[in-house]
1. Considering the alpha-carbon set of segment A:1-144 alone, what are its Rg and its Dmax in angstrom?
2. Using a 10 angstrom cutoff on alpha carbons, build the Gaussian network for chain A and name the most mobile of A:329, A:13, A:409.
3. Using r as the Cβ-Cβ distance of residue B:348 and residue B:384, and R0 as 25 Å, what FRET efficiency do you calculate, to the nearest 0.05?
4. About the Cα centre, and with charges only on the beta carbon of Lys, Arg (+1) and Asp, Glu (-1), how big is the dipole of the protein assembly as shown? Nearest 20 debye, please.
5. Expressed as a whole percent, how much of the Cα-Cα distance distribution for segment A:176-311 exceeds 22 Å?
6. Is segment B:253-362 rounded, prolate or oblate when judged by the Cα gyration tensor, a ≥ b ≥ c being the square roots of its eigenvalues, rounded requiring a/c under 1.5 and prolate requiring a/b larger than b/c?
7. Tell me the mean residue ellipticity at 222 nm calculated for the protein assembly as shown from its helices only (DSSP H runs of n ≥ 4, each -39500 (n - 2.57), averaged over every residue, nearest 500).
8. Taking Cα atoms, how many degrees apart are the long axis of helix B:164-175 and the longest axis of chain B, rounded to 10 and kept between 0 and 90?
Protein chains: 2
Amino acid sequence: MSKVINIGLAGFGTVGSGVAEILAEQQSMISAKIQQPFELNIVKILVRDTAKALQHPLVNESQLTTNWEDLIHDDSIDWVIELIGGTTHAYTLVKAALEAKKPVITGNKALISEYGAELFALSKANQTPIYFEAAVAGGIPIITNLRQTLSCNEIKSITGIINGTCNYILEQMSVAKISYDQALKQAQELGYAEADPTLDVNGWDATHKALIISCLTYGFYVDPKLIHVEGIDTIQATDLVLAETLGYSLKLISKIKKQDNGAIEIRTQPSLIPKSSILSSVNGVFNALLVDGNYLGDSFFYGQGAGKFPTASSVVTDLITCYQDQATGEFRGFLPFVESGEVVAAELTKSSYYVRLNVIDQAGVMAKVTQSLANSDISLSGTHSPIDPSNPDAEFTTMVLLVHTCEYGKLKSALNTLQTEVKEVTQAPVVLRIEDV
Amino acid sequence: MSKVINIGLAGFGTVGSGVAEILAEQQSMISAKIQQPFELNIVKILVRDTAKALQHPLVNESQLTTNWEDLIHDDSIDWVIELIGGTTHAYTLVKAALEAKKPVITGNKALISEYGAELFALSKANQTPIYFEAAVAGGIPIITNLRQTLSCNEIKSITGIINGTCNYILEQMSVAKISYDQALKQAQELGYAEADPTLDVNGWDATHKALIISCLTYGFYVDPKLIHVEGIDTIQATDLVLAETLGYSLKLISKIKKQDNGAIEIRTQPSLIPKSSILSSVNGVFNALLVDGNYLGDSFFYGQGAGKFPTASSVVTDLITCYQDQATGEFRGFLPFVESGEVVAAELTKSSYYVRLNVIDQAGVMAKVTQSLANSDISLSGTHSPIDPSNPDAEFTTMVLLVHTCEYGKLKSALNTLQTEVKEVTQAPVVLRIEDV
């Protein structure tokens, strides 16, 4: 006996049509594999342009509507899938669906980031679940695994490469030796970057995902204002070359970490990753998350972070979870699961660092630099001064300092002092974190 | 309102005590995280040596029994965890538990491999589930993900490194340049290999896991006799060096693949993996599975393949799944989900290959070798003859042939012909598959 679920699908773009196609092709296989007999029918599709939607072979006219309220007021619709994106209409729709006690499945990262707290409260008040596997890291099932297979672990840290656009650009700069602007242009031509790539390259897209992951890991909402975020838009080719020379890859890393005192650290920055780390093997537009659990040790999840079918596959995963949760007859929410928690200010977060200085090449500069840093109680694990063989008498030289683990604020302050004290330091230092993974 | 589940735990060795410790430490956190209020109580523990078990601070005398039937006939016991290992007592216990309609959670790979078909049938007949996440790849949640997050995908292939002992030995041979015997001894000293390492190093441990994964992926049971299995016990250091030179890592790979005609290919062999593949980064005793799904593309799962807490963590994952499945009031089995399927004979499986020959170094040998292979319709993509600079006039030389994709049986037959036709080939060729991952 199959249980029939009627679905209202909002949005029939790339991902929406992908969901319809997967359900049409795999319905019976899914049911056989998970050994639960259910039938998911898309009975209503909300679109802006009905003529365009009708070009799709799976769509017929009776399914289509341009009025979002049709998904809410039609009592035959059991669940709502929201794939229209943005935070205005999507917010209105999801709120109305939860109030009408229709479970919601969404792939909308912006919506969850911006209205998560409100929507989860509404979800709880109405005992109606909201799922969002597709909102974070596309095809990587990190949400489902955090809630299921990782749930008995105290998570010490999660280190993620969760913006494929940035990962592609950095890789191209490193491998193909092209500039940031060239790599960005290439990413745009290949469809890996938006026409306006700001949110990707400034680190905020990754940070929105990190915030969602952090909430699910530690159970409370975090104010985005507390987060230290840097993008890749100021990365220079020379740092990629130097990182390589020193045995590192340069990646945009989002870090979520529980400190010994229980406070949570969240940050997104271009960071150096040892070549020996599995994270260093994440190339192209792939995403990955390295999870350090107290029982499991390192677990690593890797897959496509975007794209029609990887994302649609995650929506279908949520449909399955929704079916199973509903079958218990009990509401099962996500958040919050602890009252509140502390977030560490960016200045107090610790790591080791790569610092690149541009200095006037004079006798005694290295001594002045290292003495100034020593006075500020900054300890170095190594230095590296590449020499340009074709120009041994260059006026300026590059000096890379590898800095032992210390607070970020302390390093920044020491570097400010350095710039004041040592006039041979001609530019603001480039500071990149080194991740010990 | 917490639902209380009483558990009978069979076996209190490394993993069993780990499960008890995780439940004692994390019970309330798990319930908060998954937002389902339940309490798991270990009310009875089956041991051989009660005095030894009593040394553990979580154990009290009233819990202990040395009679397995106490777990079955005690009506207050809801579920049974089987961690005694082996296939005699474990089989009797699991069978009795299913017949008594007590859900079973086991970490026993041998049991599932050997008696899977019978136990799954019994499970279905009694509408009582059996779970086994801990039986495959320790802390990697591959079973749960195959049944949930990957279930809408048609799986094209799974490429696994699923024996940590072999992976450690091969890595040490490659990195530390030690012999197979030395590396095995080291693995034994570190507790990574058993005193009798046969099942690990001959490839059968990995194959048992691959068979379970294949069943869950394609839905039918496979006769182990149909599988092509080679271990690492005959691997020579020279092949690790040559693989490295050619840009490959040498790993023990288990491959599960659906061919275009729908037939399933399963095999375990030492294989060459391109350095650029993420599988090449899997070092030490870690396990990993690269899953190629029709919608998700490449998904990669990586983690500890053995050990007390990673394995115990997987047992706890199954306890959570069991709770959720039970809450629906409906039985949810695993297998089979298709009536039957075809398995490809080893001789008909295809890949590209690395073939190493030892030949007498005479003029014209390369021509004879390549002509003989050409006559057998074997096509080469490259050759490599390393030269020993200290001995340019050596009597014997090594010749590596990289063979284009062809059937394994065809290559073997061609190499037999080669050995008959070309007397300068002095030893049986070493044949390793090259995996295109």
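Quick note: the coordinates plus some simple rules give every number you see, no bench work behind them. A quick note: this is a predicted structure, and the numbers were derived from the prediction, not measured. Cβ sites come from the backbone with ideal geometry, for glycine too, and all protein chains shown count toward neighbours.
1. Considering segment A:1-144 through its Cα atoms, Rg and Dmax are 14.8, 41 Å.
2. Top of the fluctuation ranking is A:329.
3. It comes to 0.35.
4. Roughly 280 debye, rounded to the nearest 20.
5. 43
6. oblate
7. -11000 deg cm²/dmol
8. Value to nearest ten degrees: 40.
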